[in-house]
Every structure is written in C-alpha cells, then in structure tokens.
Amino acid sequence: MPMISLQVNAQLINELDGIQKQLGVTSRSEILRMAINNLIRENQKEAPSESHRIACITVHHEVREDIYDRFLGLTEQHESIIKSIGQYNLKNIIIKSIMVAGSGTEIDDFFHSLSGDRLFKCTITYIIIPEKDHIE
C-alpha cells in the first residue's frame, strides 16, 4: 500500500492514541485507515452501483516471514479494493480478516490470487445489503 506522511500536533496524537486503545485497534495506521474510510463513506452522495460488491475474506497461514512477505505482495496488488485488515495470532497460525469493496471481478481476482497460493487457506463471504437498508 502507498504510504502517506502526516504531521499533527502532540495533542491530536494523544487523542488518536486514546481512541485507538479504546477501540482495541492494533496500530495508528489501522485507526487512520478507519477514519479515512469513514470520511469517504460520509461524503459519498450516491449508493454504490450494482456492480459494487462488499466481501470479507478470511485467510489463515503459518507464522513465517516468507509467507508474510507473500501476503504483503498480494495485498499491494489489490490495495484499491482493500478497506481494512484485522489480524489475530493463535500460536503458530495467523488469521486475517480482510474487508474488501469493489467490482465482483476485482474481489474474485484477489480471492483467487490468495486461495490459489498453497501457503494460504481462505474463505470468502459476500455481504448483501438490501436496498431498503441503504441510508440516504
């Protein structure tokens, strides 16, 4: 993923760190991604098009540096659809939950790149939001 450099005052950092701790978010980067996604969502004027899909991809793999590097490479190739990545460590296994949004083709391509790699075990769940539940 591309890196953004940001300068803020100490008080803002302290407030951000407090919210990060309160929400149980593991890093400043993740809390900033959440904030950016919220800002974008709040300022979108229209509901996503019919070709727009939302899914959760769950991945688990061994704790190994080469596997981590491979995962990072695959996520960088599909960064435009990745909205967040959560991680849970369980002994020698890492479980990741990846929220994605984009066209069905983009999501399927990302899922197949992960599931086609013998290093990863993957599942995908598409999230269906009924039209009546869209907030204007």
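Whole number please: convex hull volume per residue, Cα atoms of the range 52-133, in Å³.
It comes to 86 Å³ per residue, whole-number rounded.
Report the full-extension gain for the segment Met34 to Asp108: residue separation times 0.36 nm, less the Cα-Cα distance, to one decimal in nm. If you can, show how the numbers build up before the last one.
Details: separation 74, 0.36 × 74 = 26.64 nm, distance 2.33 nm.
Fully extending the segment from Met34 to Asp108 adds 24.3 nm.
Between Leu74 and Glu15, what is 0.36 nm times their sequence separation minus the Cα-Cα distance? Round to one decimal in nm.
17.9 nm
Between Asp66 and Lys91, what is 0.36 nm times their sequence separation minus the Cα-Cα distance? Round to one decimal in nm.
Taking Asp66 through Lys91 to full extension adds about 7.3 nm, to one decimal.
Coordinate-derived values only; no laboratory data. The shown structure was predicted, so the numbers you read here are calculated from the model rather than taken from an experiment.
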